[in-house]
Amino acid sequence: MNAVKFIDRPCGTGKTTQMINSFCPTEQYLVVVPTLSEVERILRESRVPFTEPDEKLYGTKMTHLEKLLGDAENIVTTHKLFDAVDIRSVDLSAYNLFIDEVFDVVEKVNGPENEAWNRVYVGDGYATVDSAGQVTPTDKWREQPAKLKTVLRFDLFRAAEAGRLHKTDNGYFVDVVTPALFTKPKQTIVHTYLAGSSLMAAYLNKHDVPYVIDTDHSLDMRQRADAQRLLSVHQISALENVSMSHTKQGQMQRREASKVSAALKNLRSRSLRGVYVKDIMITCRKDKWLDHNDDPKGAFANQSKLTAANWIAKTTKGTNEYRNCTHAVYLSKLNLSPNIIAYLGVDRQFEKDWAVSELIQWLYRTGLRDGQKVELHLASSHMKCLLEDWLHEQDQVLELVA
């Protein structure tokens, strides 16, 4: 088993360009990137030919991807499609797998209660759970999934049949990418920043998959020093005592949500006054900003005077589309799901490190990556403290050395 290699470099230092320039005509490549715009970049800039899976040719992108792999073509696709690959149906052994930015390899599943699970799914013989927590459907469940759609959850069957469904000892469920996706290729290289704080690193630890992290410490120190100089960090005082976790945002009723939109309206009329709205980037829970048509008509956007700003997800990585932004508004407090904590067995310190790494990846979508001054406004004092600790971590190290 080859070790997964993380190329850990700060955002904006040319990781993707270096990856593109490394491609060799005599090798086979599967390149996985965060967005369709990055797919287009690989197609446009690579010196070796690549193909993007296309549903118009074979009905679904996955069917075309499997066909391309069988034909030994160089392929570029998104995290979303790669995440869904069934390793049992493809052979990656000749491929160099390049992943641009980490993605969520473990996701929360809202499973049945323990009593129902043990009585129906396990007790009635539809599923088994091994010592590692992996759920496997029995032939009884395989033979009747269509009939049981209204009795047993078909989404659980599909995840279990693909080898992705796991149950923790304390009753949580998670959907897990098959580790073989990373271990079967000729080599696996992941380009990212702060790799050790990523869920992918914790997941590899969980599955005893060896990995190495290639870090340029001097470059990292310079990045933080530049960020100290260029970044102004502000607390949105009206939201300092408002819980802004993903779950709490979702539970907000009209009165609570209007407090958020009022705070944004004040921010726009004061600190953000005169700033071109397209130079502002904002994140919060998606359904609080966008409606089902992806229009900014959610409860937080309503009356905020920021509906024309660039809303992007808090997990956004690896895109240059918002590098014009000089102002950013971060409304979320990041917490790991109890399901993921239970499955990976990570501690509170890891959760903090993960949270700040996600914030930094998001923040470097702005002009900060190009050396521009950026003003960041945060709702959560917890996230503000984590970021400031990260910015000044090198100062603390230097003080200890002195």
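The values are calculated or read from the model by the stated rules, or taken from the named source; none is laboratory data. The structure presented is a predicted model; accordingly, all values stated were derived computationally and were not measured. Glycine also receives a Cβ, built like all others from the backbone with ideal geometry; neighbour counts cover every protein chain displayed. These area figures cover heavy atoms from the full protein model, side chains too; ligands, DNA and RNA do not enter into them. Shrake-Rupley method; radii C 1.70, N 1.55, O 1.52, S 1.80 Å.
Annotation note: Cβ proximity below 8 Å between a residue of region 262-277 that is in contact (Cβ under 8 Å) with a residue 60 or more places away in the chain and a residue that is open to solvent by 70 Å² or more (accessible area, probe 1.4 Å) and outside any helix (DSSP H, G or I) (sequence gap 6+ or interchain) occurs for Leu264/Lys305.
In the set Lys248, Lys167, only one residue is modelled with pLDDT of 95 or more, open to solvent by 50 Å² or more (accessible area, probe 1.4 Å) and over 30 Å from Gly371 (Cβ atoms); that residue is Lys248.
Put simply, of Thr178, Thr215 the only residue that is touching a Gly at 6+ places or on another chain (Cβ under 6 Å), at pLDDT below 95 and either crowded, with 19+ Cβ neighbours inside 10 Å or farther than 23 Å from Arg348 by Cβ (or both) is Thr178. Kindly evaluate Asp104 against the criterion of being in contact with a Gly (Cβ under 9 Å, 6 or more places away or on another chain) and of a type outside the set (Phe, Trp, Tyr). No: the conditions fail for Asp104. There is at least one residue in region 165-172 that is closer than 18 Å to Asp86 by Cα, touching a residue at least 12 places away in the same chain (Cβ under 8 Å) and under 28 Å from the mean Cα position of the chain (by Cα). For region 291-312, the tally of residues that are surrounded by fewer than 18 Cβ atoms within 10 Å (Cβ to Cβ) and in contact with a Leu (Cβ under 9 Å, 6 or more places away or on another chain) stands at 4.
Quick grid of which residues meet (1) farther than 19 Å from Glu101 by Cβ; (2) hydroxyl-bearing (Ser, Thr, Tyr); (3) modelled with pLDDT of 95 or more:
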residue	(1), (2), (3)
Thr315	no, yes, no
Gly318	no, no, no
Thr326	yes, yes, yes
Leu336	no, no, yes
Ile340	no, no, yes
Val356	no, no, yes
Lys384	yes, no, yes
Leu400	yes, no, no
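Each residue in region 23-58 was checked for being polar (S, T, N, Q), free of Cβ contacts under 8 Å to residues at least 40 places away in the same chain and not in a loop (DSSP other than H, G, I, E, B), and 1 of them qualify. Against the definition (open to solvent by less than 10 Å² (accessible area, probe 1.4 Å), in a helix (DSSP H, G or I), within 28 Å of Gln361 (Cβ to Cβ) and in contact with a helix residue (DSSP H, G or I) (Cβ under 6 Å, 6 or more places away or on another chain)), how does Ile20 come out, yes or no? Taking the combined requirement at face value, the residue satisfies it. Being surrounded by fewer than 17 Cβ atoms within 10 Å (Cβ to Cβ), at pLDDT 90 or above and closer than 30 Å to Lys317 by Cβ: is that true of Asp104 here? Against the criterion (surrounded by fewer than 17 Cβ atoms within 10 Å (Cβ to Cβ), at pLDDT 90 or above and closer than 30 Å to Lys317 by Cβ), Asp104 qualifies. Just a yes or no: is a residue in region 313-331 in a loop (DSSP other than H, G, I, E, B), more than 17 Å from Cys11 (Cβ to Cβ) and open to solvent by 40 Å² or more (accessible area, probe 1.4 Å)? Looking through region 313-331, none of the residues is in a loop (DSSP other than H, G, I, E, B), more than 17 Å from Cys11 (Cβ to Cβ) and open to solvent by 40 Å² or more (accessible area, probe 1.4 Å).
Applying the condition of being open to solvent by 20 Å² or more (accessible area, probe 1.4 Å) and in contact with a helix residue (DSSP H, G or I) (Cβ under 7 Å, 6 or more places away or on another chain) to region 181-201 and asking which residue is nearest to Thr136 (Cα to Cα) yields Lys184. Collect the residues in region 70-85 that are more than 23 Å from Thr316 (Cα to Cα) and touching a helix residue (DSSP H, G or I) at 6+ places or on another chain (Cβ under 9 Å), keeping them in residue-number order. Within region 70-85, Glu73, Asn74 qualify. Within region 223-233, restricting attention to residues that are out of contact with any strand residue (DSSP E or B) (no Cβ under 8 Å at 6 or more places or on another chain) and either β-branched (Val, Ile, Thr) or closer than 21 Å to Gly318 by Cβ (or both), which residue is most open to solvent (accessible area, probe 1.4 Å)? Per the stated criteria, the residue is Asp226.
Of all residues in region 261-309, exactly one satisfies the criterion of being under 21 Å from Lys248 (Cα atoms) and touching a Cys at 6+ places or on another chain (Cβ under 8 Å), namely Phe300.
Across region 119-142, the qualifying residues are those that are hydroxyl-bearing (Ser, Thr, Tyr) and part of a strand (DSSP E or B), and the one among them that is least open to solvent (accessible area, probe 1.4 Å) is Thr136.
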